[in-house]
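Student: Have a look at this one before I ask anything.
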């Protein structure tokens, strides 16, 4: 019996559909097929990962990252007994809602949208802000994607639940991450229908698989990309105890500034299976999205030392190399060995909390050992230390924030003047009646939501070109069109 056979009618439910009864595909396979034929999926090829698409030949784009996450999620889900198709579908759509320029654009768009809401006398939370995960849910469940007579892509309940990485509305648990706007609250409630109240804020196992696959892909592949770019000195870190000591201190200091470390007493405190969404769930770190392993500064430094000093570990092949990446076969082999070892170790470390319970939806949880979490955090923190927080990246991102903020404000100003000509023609018929009724709060919210949809669905290059046009910074106005 395949893993898909363990999902019942409730899991496979969708809105009334026009599916051919003779279709040989499993419902989760149909979900996946619908997702990869969307414009939202194709748009990922032009959206920032860490740097913009086209920055260099070897950098992963948001699209290639998504494909790698899907591959890891499929294999992990299959190994543990979940539907590999549901896990893969969740991974394929997990970044659909990314704004232009990635997380930088997302934050700028959210801040600009909140400011516009306040200016219009609206509660920003009633508008919903802008969050990539919530925008993903909106894209696949609303009329923005799919046919006008169907609710978005009309995916199954289990696949939609697998995409709810932060299953709550803005401010309900967190003001930094959430998974649906007020406009999609009813659909989110339908997806989560029938859950035990104790699971209200907890993710399905398919969502946990997708999230861990995302963490692993992000950590390992970005380390590889930026080693190729000469930004991360892996050879030095394997060979120099002094360099490791210096970098470990920087990693610890960074986490201390963000309040992400525990003191020794807290780290030794036993975990319980309390039902509070903020409690650690008997080893199921990650079932509630904001549960994080609590470790001390010393544990972090020790994990970093073990990772790079181990003569048989993932980075061992770098011990005989010198300098930055030089394209040699030795360096290529070292990177390949590193990637294979890290992904293998991190993916295979994951296991079910309850070995006897079915590994599907809310019948189980994914357990990630603390050592695996430490390794993943070390890798991601190295990227922040050597790349994201470097001044050359900071200046780059400053301009990206400016573009996204200006685009939102320019379009809101156009709406205020009643001018919809700068919007795509498919949005103009929807905007006009909303603009005519802007004295009504519901209409105002609808207008701002559509403006955010428009700006949020631009690619990096599309956002930059549209910004040049709207601010008059183009040499040729008619032929420089999108």
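Student: If the Cβ limit is 7 Å and pairs must be 6+ apart or interchain, which residue in the range 252-264 that is in the same structural domain as residue 377 (by TED's automatic domain parsing) pairs with which residue that is assigned to a loop (DSSP other than H, G, I, E, B) and modelled with pLDDT of 90 or more?
Tutor: Short answer, once both residue conditions are applied: 261/296; 262/296; 263/296; 264/296.
Student: If you scan the range 329-345, which residues turn out to be loosely packed, with under 14 Cβ neighbours inside 10 Å and either under 14 Å from residue 223 (Cα atoms) or touching a strand residue (DSSP E or B) at 6+ places or on another chain (Cβ under 7 Å) (or both)?
Tutor: Selection gives 332, 336, 340.
Student: OK, next. Could you check, for the range 308-328, whether at least one of its residues is free of Cβ contacts under 8 Å to residues at least 24 places away in the same chain, part of a helix (DSSP H, G or I) and either surrounded by 21 or more Cβ atoms within 10 Å (Cβ to Cβ) or assigned by TED's automatic domain parsing to the domain that holds residue 225 (or both)?
Tutor: Step one: list which residues in the range 308-328 are free of Cβ contacts under 8 Å to residues at least 24 places away in the same chain, which gives 310-312, 317, 320, 326-328.
Okay, now just the ones that are also part of a helix (DSSP H, G or I), so 317, 320.
Keeping just the survivors that are either surrounded by 21 or more Cβ atoms within 10 Å (Cβ to Cβ) or assigned by TED's automatic domain parsing to the domain that holds residue 225 (or both) gives 317, 320.
Yes: the range 308-328 contains one or more residues that are free of Cβ contacts under 8 Å to residues at least 24 places away in the same chain, part of a helix (DSSP H, G or I) and either surrounded by 21 or more Cβ atoms within 10 Å (Cβ to Cβ) or assigned by TED's automatic domain parsing to the domain that holds residue 225 (or both).
Student: Grab the helices (runs of 4 or more DSSP H) fully contained in the range 377-482, keeping just those with 1 or more residues being touching a residue at least 60 places away in the same chain (Cβ under 8 Å). Before the answer, list the steps.
Tutor: On the way: elements: 391-416, 428-436, 441-456, 460-470.
So the answer is 391-416, 441-456, 460-470.
Student: Can you go through 217, 163, 213, 231 and tell me which one is farther than 23 Å from residue 338 by Cβ, in contact with a helix residue (DSSP H, G or I) (Cβ under 9 Å, 6 or more places away or on another chain) and surrounded by 16 or more Cβ atoms within 10 Å (Cβ to Cβ)? I'd like the intermediate steps shown before the answer.
Tutor: On the way: 217 fails: farther than 23 Å from residue 338 by Cβ; 213 fails: farther than 23 Å from residue 338 by Cβ; 231 fails: farther than 23 Å from residue 338 by Cβ.
On inspection, the qualifying residue turns out to be 163.
Student: Which residue pairs have Cβ atoms under 8 Å apart, sit 6 or more places apart or on different chains, and have a first residue in the range 210-228 that is without any contact (Cβ under 8 Å) to a residue 40 or more places away in the chain and a second that is surrounded by fewer than 24 Cβ atoms within 10 Å (Cβ to Cβ) and outside any helix (DSSP H, G or I)?
Tutor: none
Student: Here's another thing I want to ask about it. If residue 341 meets every condition in (1) modelled with pLDDT under 95; (2) part of a helix (DSSP H, G or I); (3) within 15 Å of residue 224 (Cα to Cα) apart from one, which number is that one?
Tutor: Evaluating residue 341 over (1) modelled with pLDDT under 95; (2) part of a helix (DSSP H, G or I); (3) within 15 Å of residue 224 (Cα to Cα) leaves (1) as the failure.
Student: Of the numbered conditions (1) modelled with pLDDT of 95 or more; (2) out of contact with any strand residue (DSSP E or B) (no Cβ under 7 Å at 6 or more places or on another chain); (3) crowded, with 23+ Cβ neighbours inside 10 Å; (4) closer than 22 Å to residue 300 by Cβ, residue 158 fails exactly one; give the number of that condition.
Tutor: With respect to (1) modelled with pLDDT of 95 or more; (2) out of contact with any strand residue (DSSP E or B) (no Cβ under 7 Å at 6 or more places or on another chain); (3) crowded, with 23+ Cβ neighbours inside 10 Å; (4) closer than 22 Å to residue 300 by Cβ, residue 158 is out only on (4).
Student: A further question follows. Look at residue 97 and say whether it is in contact with a helix residue (DSSP H, G or I) (Cβ under 7 Å, 6 or more places away or on another chain) and buried (at least 19 other Cβ atoms within 10 Å of the Cβ).
Tutor: Details: in contact with a helix residue (DSSP H, G or I) (Cβ under 7 Å, 6 or more places away or on another chain): yes; buried (at least 19 other Cβ atoms within 10 Å of the Cβ): yes.
Against the criterion (in contact with a helix residue (DSSP H, G or I) (Cβ under 7 Å, 6 or more places away or on another chain) and buried (at least 19 other Cβ atoms within 10 Å of the Cβ)), residue 97 qualifies.
The values are calculated or read from the model by the stated rules, or taken from the named source; none is laboratory data. Here the structure is a predicted model, which is why all the values come from computation and not from measurement. Cβ: placed from backbone, ideal geometry, glycine included. Neighbour counts: every protein chain shown.
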